[in-house]
Amino acid sequence: MTRRVALFATCLGDQLWPEVVHATAAVLERAGCAVTFDPAQTCCGQPAFNSGFQSEARKVARHFVEVFERADAIVAPSGSCTAMVHRYPQLFPDEPEWKARAEAVAHKTFELSAFLVRELRVTELGASMRARVAWHDACHGLRELGLHAEPRALLAKVKGLELVELQTGETCCGFGGTFAVKFPELSTAMLEHRLRGVDGQRVDVLSAVDSSCLMQIRGRLQRLGSSVRVLHLAEILASR
């Protein structure tokens, strides 16, 4: 049975990394899904929520629910945005109708790798990439969604790909949304720690499930003159 999937592009995907959105759609279609895209979609509300603007986040959440609540499943190429949608019910503690609607939407909103592996039971997508790929466990995906084995299971099926575990383990890249803006020196120090030893591991590509982390990482690698490419998981899975 074909799964109907509503694609949530996310702000970064829409504005800065559209190739990730296109790759996500291609991967879902390759997995046998019928993908739809509603142009009325906007932000998940995470920037407002993380900055303490609850009423503004609530307004964005209401719009998201109205746009997506008729979808069978909602898939995003982002662990952080997915985690934010999962928080929606707590925005409506005194509004039982909206809380119920938010819970229903949260229940069917998935990060890409989780949807492929947990829901569709798919790991083989016919992808091919001859490269040594280092994997970055983005914080929201790892710590809030429990994503660890899923992206690795997908990468293990990519022909020619050799997975490399970073020497700095599961540490943060230092982005954290507005954290990187408010505390740039600390953010950069965290990132430099995360990237320690990457060049020595002969890495060709560094990948993750979040474009926000990858934007942070790519910017620093470029400043350092590194030859390591930065690609979202969806871009790798869409490769031939």
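The values are calculated or read from the model by the stated rules, or taken from the named source; none is laboratory data. Since this is a predicted model, take the numbers as computed values, not measurements. Because the Cβ atoms are built from the backbone with ideal geometry, glycine has one as well, and the counts that use them run over all protein chains shown.
None of A208, A180 is surrounded by 21 or more Cβ atoms within 10 Å (Cβ to Cβ), of a type in the set (G, A, S) and within 19 Å of S80 (Cβ to Cβ) except A208. Just give me the residues in the stretch 138-167 being closer than 16 Å to L214 by Cα and assigned to a loop (DSSP other than H, G, I, E, B), in sequence order. Answer for the stretch 138-167, where residues must be closer than 16 Å to L214 by Cα and assigned to a loop (DSSP other than H, G, I, E, B): A138, L166.
Filter the stretch 14-73 for residues that are over 22 Å from P89 (Cα atoms), small (G, A, S) and either in a loop (DSSP other than H, G, I, E, B) or at pLDDT below 95 (or both) and give the result. Even if it seems obvious, please write down each step before you answer.
Kept after step one, since they are over 22 Å from P89 (Cα atoms), are these residues of the stretch 14-73: 14-39.
Narrowing the set further to residues that are small (G, A, S) leaves 23, 25-26, 31-32, 34.
If the condition is that a residue be over 22 Å from P89 (Cα atoms), small (G, A, S) and either in a loop (DSSP other than H, G, I, E, B) or at pLDDT below 95 (or both), then A31, G32 are the ones that fit.
Yes/no matrix, rows are residues, columns are (1) closer than 24 Å to L116 by Cα; (2) surrounded by 14 or more Cβ atoms within 10 Å (Cβ to Cβ); (3) not assigned by TED's automatic domain parsing to the domain that holds F179:
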{"position": "T24", "(1), (2), (3)": "yes, yes, yes"}
{"position": "V27", "(1), (2), (3)": "yes, yes, yes"}
{"position": "A31", "(1), (2), (3)": "yes, yes, yes"}
{"position": "A40", "(1), (2), (3)": "no, no, yes"}
{"position": "E56", "(1), (2), (3)": "no, yes, yes"}
{"position": "R62", "(1), (2), (3)": "no, yes, yes"}
{"position": "F68", "(1), (2), (3)": "yes, yes, yes"}
{"position": "D72", "(1), (2), (3)": "yes, no, yes"}
{"position": "C81", "(1), (2), (3)": "yes, yes, yes"}
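Would you call G52 under 20 Å from the mean Cα position of the chain (by Cα) and either free of Cβ contacts under 8 Å to residues at least 40 places away in the same chain or within 21 Å of S211 (Cβ to Cβ) (or both)? When the stated conditions are applied, G52 does not pass them.
One residue alone among G160, G141, G169 is in contact with a Ser or Thr (Cβ under 7 Å, 6 or more places away or on another chain) and either surrounded by 15 or more Cβ atoms within 10 Å (Cβ to Cβ) or without any contact (Cβ under 8 Å) to a residue 40 or more places away in the chain (or both), and that residue is G160.
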